[in-house]
Amino acid sequence: MPGDVFSYVFFGSDEGAAASAAQKCFDELTEGTDGWGNEIIDGTVATVDEAQDTLRRVVSGLMMVNMFGGRKVIWLKAANFMGDTPQGTRSEAVQQGLDELNEALQNLPFDTYFVLSAGEMDKRRTFFKKLGTLAEVREFSKIDITKPGWESELSALTLRMAKPYGITFDNAALDLFVHRVNESTRQIANELAKLDVYLGPERRRVAVEDIELMVAVSRNGVIFEISRAIENGSCRQAVRLVNEQLEDGEQPVSIMRAAIVPTVRNRFCARLLMDTYHPDIGNYRAFEAALNQLPPEGRKLLPLKKDGTPSCYGLFNAARSCGKLTLKKARRDLQACARADRQLVSSQADARDVLHKLIVLLTA
């Protein structure tokens, strides 16, 4: 890695990925050195004063020539004062300290390297704009799970991260895994490491039972579990999960609109598509190809990704779970959801009772 670039910056909302890339960079830069001139400085601070002290320490370390000669590497690790926060760039003192760091990067002593890993960075500030001319800058963003199509992106990421372990997944297991974890690569890495130990050297393929036993459920995972219970007709399971969310302080309307409405809407659209166009539901790629070839009136039923292409993943899961669901019942379920949603926002009805009755109807 050492060459014409002497400073490396890794940042973004996916702090785990940024930290991993920074660690790899630091390891490569320090390979073959005696270690005396290298330093890792913790960038996690709670106050402006701590941020100033950290920046002074970094600048001092960069400007001090390695007394033993040879390469020196300074890593400012997990800096949390680069964003628009009270202990960050909202403080003029911190802005001044960052400007001094920039000046130090412009005048690095021979064979001195700087690595920075951080979360969010305030891109409006002069410090960030100058970094682009002084350093190799890489941003790592989490997959946006509020956008259609996130499941396929997270599935692909999981498979890439599982490859070094030699781990593969049953289709249903991968589906459950991506819905149980959140979009953080750090959590994905932790869960894969747990699965690696649990499976042992003799078994490398993950089944649904392994996920259910070993992988922790995030909030988004609970939403998926509620949806899955409704799709499978598991009334007791769905009610239990909803009760747990209510007891944890989740708003009834949030449960309705995050877990129940999308499930019922996808089942209605899937049933209509299956009855009208008969797409292949045995294989995701074949299903996706069939939906991409629908006539204009059929494409109107499809949720879309940011780029305007169909988001097929949710519909595929819904289509596989439709079973004997008729279009007539799918339409009634959708109407029941609309009535329950109105009750939650505009009546004095007991929210728990409204959700329970709706789940019983949907899973009947």
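The values are calculated or read from the model by the stated rules, or taken from the named source; none is laboratory data. Keep in mind that this is a model prediction, so the values were computed, not measured. Virtual Cβ from ideal backbone geometry, glycine too; neighbours counted across all protein chains shown.
Selection of the range 197-250 for residues being surrounded by fewer than 17 Cβ atoms within 10 Å (Cβ to Cβ), within 22 Å of the chain's Cα centre (by Cα) and not in a loop (DSSP other than H, G, I, E, B) yields Val208, Glu212, Leu213, Met214, Arg219. Restricting the range 115-126 to residues that are touching a Gly at 6+ places or on another chain (Cβ under 9 Å) and not aliphatic (A, V, I, L, M), the residue that is surrounded by the most Cβ atoms within 10 Å (Cβ to Cβ) is Ser117. Against the test of being touching a Gly at 6+ places or on another chain (Cβ under 9 Å), modelled with pLDDT under 95 and assigned to a helix (DSSP H, G or I), the options Leu157, Leu176 yield a single qualifying residue, Leu176.
Counted as qualifying within the range 1-113 are the helices (runs of 4 or more DSSP H) with 1 or more residues that are surrounded by fewer than 21 Cβ atoms within 10 Å (Cβ to Cβ) and among the basic types (Lys, Arg), namely 15-30, 48-63. One residue alone among Thr126, Thr158 is closer than 16 Å to Tyr284 by Cβ, polar (S, T, N, Q) and either out of contact with any strand residue (DSSP E or B) (no Cβ under 8 Å at 6 or more places or on another chain) or not assigned by TED's automatic domain parsing to the domain that holds Ser20 (or both), and that residue is Thr158.
For Ala290, are the conditions met, namely being free of Cβ contacts under 8 Å to residues at least 40 places away in the same chain and more than 15 Å from Pro262 (Cα to Cα)?
Yes: the conditions hold for Ala290.
Take the residues of the range 179-196 that are of a type in the set (S, T, N, Q) and part of a loop (DSSP other than H, G, I, E, B): which is surrounded by the most Cβ atoms within 10 Å (Cβ to Cβ)? Across the range 179-196, the extreme among qualifying residues is Asn182.
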